[in-house]
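Okay, structure first, notes after.
The values are calculated or read from the model by the stated rules, or taken from the named source; none is laboratory data. Given the structure is predicted, the values throughout are model-derived calculations rather than measurements. Positions of Cβ are generated from backbone atoms using ideal geometry, with glycine treated the same way; all protein chains shown enter the neighbour counts.
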Amino acid sequence: MTTANEPYVLNIGPQHPSTHGVFRLRVVMDGERIQDIDMVIGYLHRSMEKLAEERTYTQNIPFTDRTDYLAAMSNNLGYCLAAERLAGVEVPERASYLRVIFAELQRIASHSMGNGTFINDAGAWSTPLMYMFREREKILDLFEMTCGARLTTNYMRIGGVAFDPPNEFYPAVNALIDELPDRIDEYTELLVDNEILLARTRNVGVLSAADAINGSITGPMLRASGVPWDLRKAEPYCSYDRFDFDIPVGHVGDCYDRFMVRLEEMRQSVRIIRQALEDLPSGPHKTEIPLALRPEPGEAYARVEGPRGELGFYVVSDGGPAPYRFHIRAPSLINLSLLRQMAVGASLPDAIVTLGSTDIVVGEIDR
Amino acid sequence: MSAALDPIRVRVRVTSPRLAVTLGIVLVLFGAASIGIAYVVVSGMLDGHWYDFRDLGLGMAHLREWLNEVNAGQPAALSAFLGDQWISYITGALLGATGILTFFGLLLLILVWVERRLIGRIQVRKGPNRVGPFGLLQPVADALKLIQKEVLIPIGADRFMFYLPPVLVFIPGLLVWAVVPWAPNMNYLDTNVGVIYLIAISSTATLAIFMAGWASNNHYALLGAMRTVAMMISYEIPLSLALLMVVLMTGSMQLSTIVQWQVDHHVWLGMLMPLALFTFFFSSTAELNRTPNDIAEAESEIVAGFHTEYSGMKFGLFYAVELGNAVAVGAFVAAFFLGGWSLFGLETWIPPYLIFAAKAFGGYFVLVWLRGTLPRFRLDQLMSFAWKYLIPISLLQVLLVAIEVTAMRYMHFPDFVELSLVGAANLAFTIFIVRAWATFLGYRPEREQVLKPTMAKQMGGLRAAEEMRTR
């Protein structure tokens, strides 16, 4: 008797524990081996870019919270930088520092979440995720203390930040950044020397430096592939040029490198926050701008190094109170685009781990 | 700034005087009861009587003696057909089965709580603490919810085959408890082929699981079922080899004899044969579908594996059996490798079944601990671990144990000397063979090659990347 092997289609998603949102993978499989992947996106499309054309520049800030809801501060920052560049608004020194502090806190929170869910995808029954949630909670408490919101912060303003942090903020953030390096060491102890994790993540989902650059990959994924490229150093914005920090770069470009680069970036963020808190200048935290900002006709593009990669905001003005065109360069979408290349030929568990290591946020992919 | 927004939350522990008084009274009563019981035990008032609570089997033995007297008065025709002691057999079987069923049911109820609570503590959260005191009624609430839920059957599923597996998987989960040796006289089924019975019964669950996966008409379920079958068949072999070592050493397949051997020689088999203990435990995690070997229901990959499509109490049965089997593995590890109901003489004071339960739950705790700590293997890694590492090494170890047993038969040293030599030889062999075999197969510790990220001070593109790599 002969048996015929034929490939079958497995739908991973839209509801699946590992797609981290409403996102679907159509996987053509031969047994456990993946022959082809088709990514279906759009389940979370809210047409933010079009909606933004109907609202004033300030009213658009809350939209940016809701694209990448795990890194609202970074999104706020990117958009405000673009609007300021368009309207020619100067930002006070203190506001720049506060922006750096909050963007870096957000990076730590986002990387905690990214690494935690990544390990979850590798099968560790949410213990590392819960450990990392513990620190993320404290960061979210700081956000709540400062601006009243935890996830969708809406904290940055065109011309500065919305509020000066309250007095209680400083001891709390100091305690946190004293504690964080120990916590990161704890994750390292729990995970990095774990033989099973190494076996699961090393040489899985390898992306070479050339491929990463050709695919326009940015952020920790690009750095894990060995390309030393970080906008905070390559094209400093806010006050990043005044801080002393390192950019971790991986060797192979596999899932393990991505995990390690994120872990190391959390350490570097702590360094940046500590320096920014020490040098935090006094002065106003915001430049007053007209309520209905009407920039001169023109266009502006500003990019920041978000937790997931290069986060770009392209804003066009026709002289009116609302942007004529509003576009977001979403790193999640572009980083996801090479999943097919990384996962085809691998087995299903490898593909899931690779997907976890790209650290996507579906809200940002679909916008 | 209000206190609610204060990020540094101070935990204030309030101890009410009422609680303290209650606790005090409970402690005093407990102490008094302990002293009373200790007096009764020490004075030897219990020894051999039917009311000896240290071994419930004694009461049963007395009951059966009495029933046999009753039996003698029965018509001879009936006895010729059913045997001499049919009344005592039937009564014993019914009573024992009731006992096991009660234990198993209560165990499943409490385990839901225990497991979630333990995992919660491992994961720096509280676990269920809302329903009842300490959340103890959570399993009841879960069960009520599951019973109320509609049972959905996917279109295209084979209805009969779909209904059968939750029941089928329950039967072996229950039957394995029959051979558990709780105390010297507390064995429900003290058969002389206990080990074979155990292996045979536990492997039938594979069939039910495969049936569930196939009948669901779902890709995830099918993948899970295929994985389960592949894994279970692979890990049956090292599991059986580990048990073979136990049988070789003790010379019996009867579980009570195996425990008695450990008692007589004042040693735990786990100490004599660490490799067998590890093999048995690791293979059991594969059989149980628990981390690090839970690939059959790998949540992040194939949702829930073979029981993806089951809802309501049908899912509940799968879930409960899984928990029950975990304790069963703890029980068998205790019986085979950790001295069963013995605890170096303490079993005359403490009821042996309590010692046994403590050991079984200790094994179960290790399983929960592993589940809360380790990531998951990949299917091919797991298979290669079984076929390339566990099975050859176990085979060699079986050979060594056989040689040792033969040597012990011809040499007549004192027990202590013989067993120390055997233990030392097995330990040395384990360390040697694990290293040698891994090196022979070309395994190098992964850790040595791991490169941590390097720090870049200079930004750049592809050329900078190549420079960094060559550096």
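Examine segment B:207-214 for a residue that is in contact with a Pro (Cβ under 8 Å, 6 or more places away or on another chain), of a type in the set (Val, Ile, Thr) and either over 16 Å from B:Ala386 (Cβ atoms) or not in a helix (DSSP H, G or I) (or both), and state whether such a residue exists.
For segment B:207-214, residues in contact with a Pro (Cβ under 8 Å, 6 or more places away or on another chain), of a type in the set (Val, Ile, Thr) and either over 16 Å from B:Ala386 (Cβ atoms) or not in a helix (DSSP H, G or I) (or both): present.
For A:Ser282, all conditions in the list (1) in contact with a strand residue (DSSP E or B) (Cβ under 9 Å, 6 or more places away or on another chain); (2) more than 12 Å from chain B (Cβ to nearest Cβ) hold save one; what is the number of the exception?
(1)
When only residues in segment B:81-100 that are hydrophobic (A, V, I, L, M, F, W, C) and more than 30 Å from the chain's Cα centre (by Cα) count, which is nearest to B:Val70 (Cα to Cα)? Quick ask: steps written out before the conclusion?
Just the residues of segment B:81-100 that are hydrophobic (A, V, I, L, M, F, W, C), to begin with: B:81-82, B:86-87, B:90, B:93-95, B:97, B:100.
After this cut, where a residue has to be more than 30 Å from the chain's Cα centre (by Cα) as well, the list is B:81-82, B:86-87.
Details: B:Phe81: 17, B:Leu82: 15, B:Trp86: 10, B:Ile87: 8 Å.
Once the filter is applied, the top-ranked residue is B:Ile87.
How do the pairs read when you match residues in segment B:292-306 that are more than 8 Å from chain A (Cβ to nearest Cβ) with residues anywhere that are in a loop (DSSP other than H, G, I, E, B), using Cβ under 6 Å and keeping only pairs 6 or more apart or on different chains?
Hits for this filter: B:Ala296/B:Asn289; B:Glu297/B:Asn289; B:Glu297/B:Ala304.
Kindly indicate whether B:Arg54 is basic (Lys, Arg), part of a loop (DSSP other than H, G, I, E, B) and either in contact (Cβ under 8 Å) with a residue 12 or more places away in the chain or surrounded by 10 or more Cβ atoms within 10 Å (Cβ to Cβ) (or both). Break it down into steps so the answer makes sense when it comes.
Numbers: basic (Lys, Arg): yes; part of a loop (DSSP other than H, G, I, E, B): yes; either in contact (Cβ under 8 Å) with a residue 12 or more places away in the chain or surrounded by 10 or more Cβ atoms within 10 Å (Cβ to Cβ) (or both): yes.
When the stated conditions are applied, B:Arg54 passes them.
Filter segment B:365-403 for residues that are free of Cβ contacts under 8 Å to residues at least 60 places away in the same chain and charged (D, E, K, R) and give the result.
Within segment B:365-403, B:Asp380, B:Lys388 qualify.
Within segment A:315-349, which residues are part of a strand (DSSP E or B) and within 15 Å of A:Arg26 (Cα to Cα)?
Filtering segment A:315-349 down to residues part of a strand (DSSP E or B) leaves A:315-317, A:325-329, A:347.
Correct list: A:Ser347 only.
Being in contact with a Lys or Arg (Cβ under 9 Å, 6 or more places away or on another chain) and crowded, with 23+ Cβ neighbours inside 10 Å is the filter; apply it to segment A:105-115 and report the residue that is farthest from the other protein chains (Cβ to nearest Cβ).
Looking only at segment A:105-115, we keep the residues that are in contact with a Lys or Arg (Cβ under 9 Å, 6 or more places away or on another chain), and these are A:108-115.
Of the ones still in play, those that are also crowded, with 23+ Cβ neighbours inside 10 Å are A:108-112, A:114-115.
Values: A:Ile108: 15, A:Ala109: 14, A:Ser110: 18, A:His111: 13, A:Ser112: 13, A:Gly114: 15, A:Asn115: 13 Å.
Checking each candidate, the answer is A:Ser110.
What number of residues in segment A:145-160 are among the aliphatic types (A, V, I, L, M), within 20 Å of the chain's Cα centre (by Cα) and surrounded by 16 or more Cβ atoms within 10 Å (Cβ to Cβ)?
Final tally of qualifying residues: 1.
Could you go through segment A:219-229 and let me know if any residue there is touching an Asp or Glu at 6+ places or on another chain (Cβ under 6 Å) and either within 17 Å of B:Met468 (Cβ to Cβ) or within 9 Å of another protein chain (Cβ to nearest Cβ) (or both).
Looking through segment A:219-229, at least one residue is touching an Asp or Glu at 6+ places or on another chain (Cβ under 6 Å) and either within 17 Å of B:Met468 (Cβ to Cβ) or within 9 Å of another protein chain (Cβ to nearest Cβ) (or both).
Hey, among B:Leu370, B:Leu374, B:Leu379, which residue is within 14 Å of chain A (Cβ to nearest Cβ) and either at pLDDT below 80 or in contact with a strand residue (DSSP E or B) (Cβ under 8 Å, 6 or more places away or on another chain) (or both)? Full working, then the answer.
Values: B:Leu370 fails: either at pLDDT below 80 or in contact with a strand residue (DSSP E or B) (Cβ under 8 Å, 6 or more places away or on another chain) (or both); B:Leu374 fails: either at pLDDT below 80 or in contact with a strand residue (DSSP E or B) (Cβ under 8 Å, 6 or more places away or on another chain) (or both).
Selected residue: B:Leu379, the only one of B:Leu370, B:Leu374, B:Leu379 that is within 14 Å of chain A (Cβ to nearest Cβ) and either at pLDDT below 80 or in contact with a strand residue (DSSP E or B) (Cβ under 8 Å, 6 or more places away or on another chain) (or both).
Are there any pairs, at least 6 apart or on different chains, whose C-beta atoms fall under 9 Å, with the first in segment B:145-158 and without any contact (Cβ under 8 Å) to a residue 60 or more places away in the chain and the second of a type in the set (Val, Ile, Thr), and if so, which?
Between residues of segment B:145-158 that are without any contact (Cβ under 8 Å) to a residue 60 or more places away in the chain and residues that are of a type in the set (Val, Ile, Thr), there is no close pair.
Out of segment A:230-248, which residues are within 13 Å of A:Glu310 (Cα to Cα) and at the interface with another protein chain (Cβ under 7 Å from one of its Cβ atoms)?
A:Asp230, A:Lys233, A:Ala234 - these are the residues of segment A:230-248 that are within 13 Å of A:Glu310 (Cα to Cα) and at the interface with another protein chain (Cβ under 7 Å from one of its Cβ atoms).
Output the number of residues of segment A:280-322 satisfying the condition of being polar (S, T, N, Q) and either within 26 Å of A:Ser110 (Cα to Cα) or touching a helix residue (DSSP H, G or I) at 6+ places or on another chain (Cβ under 7 Å) (or both).
Going through segment A:280-322 one residue at a time, the tally reaches 2.
Picking from A:Pro307, A:Pro248, which residue would you name as being under 17 Å from B:Leu451 (Cβ atoms) and either at pLDDT 85 or above or under 21 Å from the mean Cα position of the chain (by Cα) (or both)?
A:Pro248
Just to check your reading of the model, which residue among B:Ser300, B:Ser256, B:Ser234, B:Ser252 is of a type in the set (S, T, N, Q), under 30 Å from A:Leu129 (Cα atoms) and either assigned to a helix (DSSP H, G or I) or assigned by TED's automatic domain parsing to the domain that holds B:Ala424 (or both)?
B:Ser300
State which residue is farthest from A:Asp279 (Cα to Cα) when the search covers only segment A:173-218 and only residues that are of a type in the set (Gly, Ala, Ser) and surrounded by 21 or more Cβ atoms within 10 Å (Cβ to Cβ).
Restricting attention to segment A:173-218, the residues satisfying the condition of being of a type in the set (Gly, Ala, Ser) are A:175, A:199, A:205, A:208-210, A:212, A:215-216.
Next, from what is left, pick out any that are surrounded by 21 or more Cβ atoms within 10 Å (Cβ to Cβ): A:205, A:209, A:212.
Working: A:Gly205: 41, A:Ala209: 37, A:Ala212: 36 Å.
Top of the filtered list is A:Gly205.
State yes or no: is A:Ile139 at the interface with chain B (Cβ under 10 Å from one of its Cβ atoms), modelled with pLDDT of 90 or more and either outside any helix (DSSP H, G or I) or within 21 Å of A:Asn167 (Cβ to Cβ) (or both)?
Answer is yes for this residue.
Of the conditions (1) in contact (Cβ under 8 Å) with a residue 12 or more places away in the chain; (2) more than 28 Å from B:Arg378 (Cα to Cα), B:Asn217 clears all except one; give me its number.
(2)
Could you tell me which of the residues B:Ala141, B:Ala93 is part of a helix (DSSP H, G or I) and at pLDDT 85 or above? I'd like the intermediate steps shown before the answer.
Details: B:Ala93 fails: at pLDDT 85 or above.
Only one candidate qualifies: B:Ala141.
Can you find a residue in segment A:213-223 that is in contact (Cβ under 8 Å) with a residue 60 or more places away in the chain and out of contact with any helix residue (DSSP H, G or I) (no Cβ under 6 Å at 6 or more places or on another chain)? Working first, answer last.
Initially, segment A:213-223 is screened for residues in contact (Cβ under 8 Å) with a residue 60 or more places away in the chain, giving A:215-222.
Among the residues that remain, those that are also out of contact with any helix residue (DSSP H, G or I) (no Cβ under 6 Å at 6 or more places or on another chain) are: A:215.
Yes: segment A:213-223 contains one or more residues that are in contact (Cβ under 8 Å) with a residue 60 or more places away in the chain and out of contact with any helix residue (DSSP H, G or I) (no Cβ under 6 Å at 6 or more places or on another chain).
Would you check which residues across segment B:189-206 are among the aliphatic types (A, V, I, L, M) and assigned to a loop (DSSP other than H, G, I, E, B) and list them?
B:Leu189, B:Val193
Return the residues of segment A:19-39 that are touching a residue at least 40 places away in the same chain (Cβ under 8 Å), within 12 Å of chain B (Cβ to nearest Cβ) and on the phi > 0 side of the Ramachandran plot; say none if nothing qualifies.
Residue satisfying the conditions is A:His20 alone.
Quickly run through segment B:402-422 and pick out the residues that are in a loop (DSSP other than H, G, I, E, B) and surrounded by 11 or more Cβ atoms within 10 Å (Cβ to Cβ).
B:Phe413
Which members of segment B:268-297 meet the condition of being at pLDDT 85 or above and not in a helix (DSSP H, G or I)?
B:Trp268, B:Met273
Looking at this structure, is B:Trp341 farther than 20 Å from B:Thr228 by Cα, away from chain A (no Cβ under 14 Å) and aromatic (Phe, Trp, Tyr)?
Yes; evaluated as a whole, the condition is true for this residue.
If I go through segment A:150-198 residue by residue, how many of them are without any contact (Cβ under 8 Å) to a residue 40 or more places away in the chain and either away from chain B (no Cβ under 12 Å) or assigned to a loop (DSSP other than H, G, I, E, B) (or both)?
Qualifying residue count for the region: 9.
Checking the condition in contact with a helix residue (DSSP H, G or I) (Cβ under 9 Å, 6 or more places away or on another chain), among the small types (Gly, Ala, Ser) and not in a helix (DSSP H, G or I), which residue from B:Gly324, B:Gly363, B:Gly339 passes?
Sole residue among the options that is in contact with a helix residue (DSSP H, G or I) (Cβ under 9 Å, 6 or more places away or on another chain), among the small types (Gly, Ala, Ser) and not in a helix (DSSP H, G or I): B:Gly339.
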